[in-house]
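Here's the structure, in structure tokens; my notes come after.
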Amino acid sequence: MSGRWDWGIPYEYIVTVFRLLSLIMFFLAIMIVNGVASPLLGGQVLNNLVGGLYNTLILRFWYMQPYGVSGPMMNVNEVFTSFMNDFIGILMTLWNQTFTFLYFLCAAVGIALFLQSLVRMDHKFVIGAFISIQLILVIAAFRDVAIPNYEVFPTDFYEFLVSKAQILALVSFAYLESSYQMIYSHSVGKPIEEREETLKKQLLALRMATRKQDRMERGEKVSTTAMSRSSGATAFSFLREAIERKVVGTKDALENMDAVADVRRLQHFVDELLRNDPAAKDELTAKAAAPSESYVIRSAVTGSAIRLMAVVGVSFLLMNPWVFVALLNLPTGIANSVELLQPEFMLLFLVPVVALFPFAAMLIGSIVKREVEIEGNLTKEQKQELKREKREMKQKKKKAEKARRERTHVRRKRRGESEEKDEWDRAIEDVARE
Amino acid sequence: MITQRGFTVLFAGILFLTSGFSFFNFYLILLGVYLIVGLVVTLPLFAVTANLSGIEVDRKIDKTKVFSGDFLRVRVTIRNTSRRNFDFIEVWDQYPETWILAIGENFMASRIEAGSSIAFSYILQARMRGRYYLGPTEVIMRDRLGLHYYKRTVKARTEILVYPTWKDVRRLETIGKQRQLGLMFGSHKTKVVGMGTEFAGFREYVPGDPFKLIDWKTTAKRGEMMVKQYEEEKNVQFICMVDSSGSMGNGYPENTKLEYGIRAAVLLTYMGLERKDLVGVCVFSDVVHNYVPPNTKPDHMYEVLDALAMAEPMGWSDYETAVSHVTSQTRKRSLFFFLTDLEESPGPLLNAMKAVVANGHRAVVISPFGPWFEAPVGQFGPVERVLSEAVSEELWERRVKISRALSRFGIEVVNVGPEDFLPAIIHQYNAAKQRGVALH
């Protein structure tokens, strides 16, 4: 056990393995025999019996000495205790190692999401990266590892501003803020770029499809290229549908005349549109709607700066109890109590102050009345026309109903009592009689 | 209103706050407070600036009436009439579900400055006839960080009437052109002996014939008085009685009995007008929804299309009311094409047919047989298959009786499925032209 070779090692190895196997067998024996015999003999008697047998047959017979124990073990209970101690030791080591693993896991996830957020510009990646990184500190706080903290929350604003905890929190928050601002800039400008790109692809796919049809009609061989599949057809739902209807790319194409005609007519429609209306392409891409880049950057910087200042200011007021204590004029006993230094105390102000903002927004909203929905722009004539249509339909129904009643009345008079016959035979007879 | 992003920030804030309380850590509490305060701090300001009533949406389309399958460009202009810039605005212009977005996008996201406007357009393919509306338009305004939003629905809608498909007519024209027979391909002139210019033959003179018709050469050869006969072309008057009762709506979408009936009516009207025949159309169910009397004026086709475009399968078939309405307005002898599935009680149907014949008209019933328009039997399980076959047999029995009953009035019933609906009506039209029924 000193780490060097010893001729006793093979023996100890075999003995250890054997002991573990025998322990398992022993457990099984106790479980089974106890279960079967306990109603007759009582569980304790059997336990003693089996334990004695194990001690005599296994431990004494083989004269085994477990790892880490100086003398030989002659009692099964000693074996159990030793085993449990080792097991708990392993679990504790695992428990400690788990946190190290969690630090690395959170860091890895955070970095991966951060990198994703740079490419994809999606808020899910941004907030994911933010939470993952901050979780490292949450776990560290749980493990009592030293992370930025205050013994007592500072009462001086400047002291608060330059404190490590504040700077770290502000940097973290600023990351979130700036990332969201970047996503905004991206989402304002990108749709127009994407729109243009999509339109290009659509028009290209349309032209290729038309050419393909032409070639097929001429009886030429048509091959499907990777380009037409990826950049063209998949980006264009209309054409995709046409392909699903086996218009483009199969020999049976000409059979489906409608779908072929649809693609052709769309091509002609687009060609004519682009020829006759110079602004048509710009409108399809919505080019004119793109905002100026300089404005977006300028407003993002100023907006973020104002928000950060407001957030830091309001947060300081909420977290520092002295301001509110001074305002509320509390009794000296309460004002000097240790409870005021507890972090939970700030909840007393946080909840109502935070709720105040949405309440104010709601009040403003109700004054502005932005939710008033614009009704359909039906002119007076259109409304009258709709009314007239309804009136006419009502009259028609009334008239038809009246005519039906009259006809039925006349027929009943002529026919008299009806008999049990097939409705068609009866109808033929009735009509013939009339 | 808080967005999904806003809720995520709120969740993170509460997480850090509770962690800070649990582990007595001011840094985590501070971070939680920053997040929660950051979420709400600009909310009142956003509420003041986000005055969506300053947004006006204007939609323009090239045409208000299109054929099913035609393309249509929709142009949407968004104006900011307020004095504030809107940082982020999303506009969704809605279009009917059955239509296809062919080119472009019906969505726009951008920033809009005070007093300015942005425009975008997209191309739709109109599918399925009927009256449709473009719109409403959803306008969503978000704050810069996307934490809050306000939404407004601009209900202004643009009405579009979609005519039945024109593809059958196009196909007919294409086939006509391919065979180099021109537009009159397949027509059969209705000729009657009378005052025309085309020579038809000779017959014996009967007292009362004008002397100028006597052909002296033939008279000399035959030894008895013979007169020349000429042919004159006569036009035929048709009336399509399109049944739009609820049962006509059965079948696959776009391929219901009613849709086929309407396509047949369009085709018949087109062919009739091309050959200078008078064609009228009546759309009826339990009331007469529309009646376009026979005519040959240039915009007659559009009147018929208007009437057919609005047809919707509902109610039940009141043949008597429909026939009474049409016959009261049609004095000339006409050929009635009934496009109906004959799934109503027999008495009124026979009475209606009797009224048609009694008024000197002729009639043909082109009747779509329900089971042929529904799901193929092969797609059913064994139980459904047996049931379907039983129902089909019973319906067929009814058909046989209907045919027997109507044949007493000299009215033929043609049972049709989706494949032979249009050929059947063309065949009947040509046959009627050849026979010269319903001449005027």
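The values are calculated or read from the model by the stated rules, or taken from the named source; none is laboratory data. Just so it is clear, the model here is predicted, and its values are computed rather than measured. Here the Cβ is made from the backbone with ideal geometry for all residues, glycine too, and neighbour counts use every protein chain on show.
Output the residues belonging to segment B:134-157 that are of a type in the set (Gly, Ala, Ser) and either free of Cβ contacts under 8 Å to residues at least 12 places away in the same chain or over 15 Å from B:Ala109 (Cβ atoms) (or both). Of everything in segment B:134-157, those that are of a type in the set (Gly, Ala, Ser) and either free of Cβ contacts under 8 Å to residues at least 12 places away in the same chain or over 15 Å from B:Ala109 (Cβ atoms) (or both) turn out to be B:Gly135, B:Ala156.
Across segment B:395-410, which residue is surrounded by the fewest Cβ atoms within 10 Å (Cβ to Cβ) among those that are under 21 Å from B:Lys257 (Cα atoms) and more than 12 Å from every other protein chain (Cβ to nearest Cβ)? That would be B:Trp396.
Listed by position, the helices (runs of 4 or more DSSP H) inside segment B:320-416 whose residues that are closer than 21 Å to B:Tyr429 by Cβ number at least 2 are B:346-358, B:382-407. Against the list (1) surrounded by 19 or more Cβ atoms within 10 Å (Cβ to Cβ); (2) more than 9 Å from chain A (Cβ to nearest Cβ); (3) assigned to a helix (DSSP H, G or I), the condition B:Ser317 fails is (3). Among the numbered conditions (1) in a loop (DSSP other than H, G, I, E, B); (2) at pLDDT 85 or above, tell me where A:Val152 comes up short. A:Val152 satisfies all of (1) in a loop (DSSP other than H, G, I, E, B); (2) at pLDDT 85 or above except (2). So in segment B:266-297, with the set limited to residues that are assigned to a strand (DSSP E or B) and free of Cβ contacts under 8 Å to residues at least 24 places away in the same chain, which one is nearest to B:Ser247 (Cα to Cα)? Per the criteria, the residue is B:Asn290. Summed over segment B:390-431, the residues that are within 27 Å of the chain's Cα centre (by Cα) and either without any contact (Cβ under 8 Å) to a residue 12 or more places away in the chain or not assigned by TED's automatic domain parsing to the domain that holds B:Ile239 (or both) give a count of 4.
For segment B:149-161, filtered to residues that are more than 8 Å from chain A (Cβ to nearest Cβ) and within 24 Å of B:Leu45 (Cβ to Cβ), the residue that is farthest from the chain's Cα centre (by Cα) is B:Tyr149.
Only residues that are at pLDDT below 85, among the hydroxyl-bearing types (Ser, Thr, Tyr) and not in a loop (DSSP other than H, G, I, E, B) were counted in segment B:8-48, giving 0.
Determine, yes or no, whether B:Ser392 is surrounded by 13 or more Cβ atoms within 10 Å (Cβ to Cβ), among the small types (Gly, Ala, Ser) and more than 26 Å from B:Arg171 (Cβ to Cβ). The answer is yes for B:Ser392. Scanning segment B:118-148 for residues that are more than 10 Å from chain A (Cβ to nearest Cβ) and among the basic types (Lys, Arg) yields B:Arg127, B:Arg129, B:Arg131. Scanning segment B:210-263 for residues that are surrounded by 14 or more Cβ atoms within 10 Å (Cβ to Cβ) and more than 30 Å from B:Asp277 (Cα to Cα) yields B:Ile214, B:Asp215, B:Thr218, B:Thr219, B:Met225, B:Met226, B:Val227, B:Gly246, B:Ser247, B:Asn250, B:Gly251.
Among the residues that make up segment B:49-56, is at least one of them surrounded by 22 or more Cβ atoms within 10 Å (Cβ to Cβ), in a helix (DSSP H, G or I) and in contact (Cβ under 8 Å) with a residue 12 or more places away in the chain? Checking segment B:49-56: not a single residue is surrounded by 22 or more Cβ atoms within 10 Å (Cβ to Cβ), in a helix (DSSP H, G or I) and in contact (Cβ under 8 Å) with a residue 12 or more places away in the chain. When A:Leu284 is tested against (1) facing another protein chain (nearest Cβ under 7 Å); (2) closer than 30 Å to A:Leu350 by Cα, exactly one condition is not met: (2). Restricted to segment B:103-135, and to residues there that are of a type in the set (D, E, K, R) and in a strand (DSSP E or B), the residue that is nearest to the chain's Cα centre (by Cα) is B:Arg131. Pairs are defined by a Cβ separation below 6 Å, a sequence spacing of at least 6 or placement on different chains, a first member in segment A:335-347 that is within 13 Å of another protein chain (Cβ to nearest Cβ), and a second member that is assigned to a helix (DSSP H, G or I); the pairs so defined are A:Pro343/B:Phe21; A:Pro343/B:Ile29; A:Glu344/B:Phe21; A:Phe345/A:Pro321; A:Met346/A:Leu318; A:Met346/A:Met319.
In this structure, is B:Ile61 at pLDDT 85 or above, in the same structural domain as B:Thr153 (by TED's automatic domain parsing) and among the β-branched types (Val, Ile, Thr)? Criteria met by B:Ile61. One residue stands out among those in segment B:61-82 that are under 16 Å from B:Pro136 (Cβ atoms) and within 24 Å of the chain's Cα centre (by Cα): the one that is nearest to the other protein chains (Cβ to nearest Cβ), which is B:Val74. For the list (1) surrounded by 18 or more Cβ atoms within 10 Å (Cβ to Cβ); (2) without any contact (Cβ under 8 Å) to a residue 60 or more places away in the chain, I need the number of the one condition that A:Pro154 fails. Condition (2) is where A:Pro154 drops out. Would you check which residues across segment B:20-48 are within 8 Å of chain A (Cβ to nearest Cβ), surrounded by 22 or more Cβ atoms within 10 Å (Cβ to Cβ) and farther than 24 Å from B:Phe86 by Cα and list them? B:Gly20, B:Asn25, B:Phe26, B:Tyr27, B:Leu28, B:Ile29, B:Leu30, B:Leu31, B:Val33, B:Tyr34, B:Leu35, B:Ile36, listed by residue number. Look through A:Leu137, A:Leu102, A:Leu206 and report the one residue that is under 29 Å from A:Ile306 (Cα atoms) and not in a loop (DSSP other than H, G, I, E, B). Exactly one of A:Leu137, A:Leu102, A:Leu206 is under 29 Å from A:Ile306 (Cα atoms) and not in a loop (DSSP other than H, G, I, E, B), namely A:Leu137. Can you confirm whether segment A:318-332 contains a residue that is within 11 Å of chain B (Cβ to nearest Cβ), within 28 Å of B:Leu45 (Cβ to Cβ) and hydrophobic (A, V, I, L, M, F, W, C)? Yes: one or more hits.
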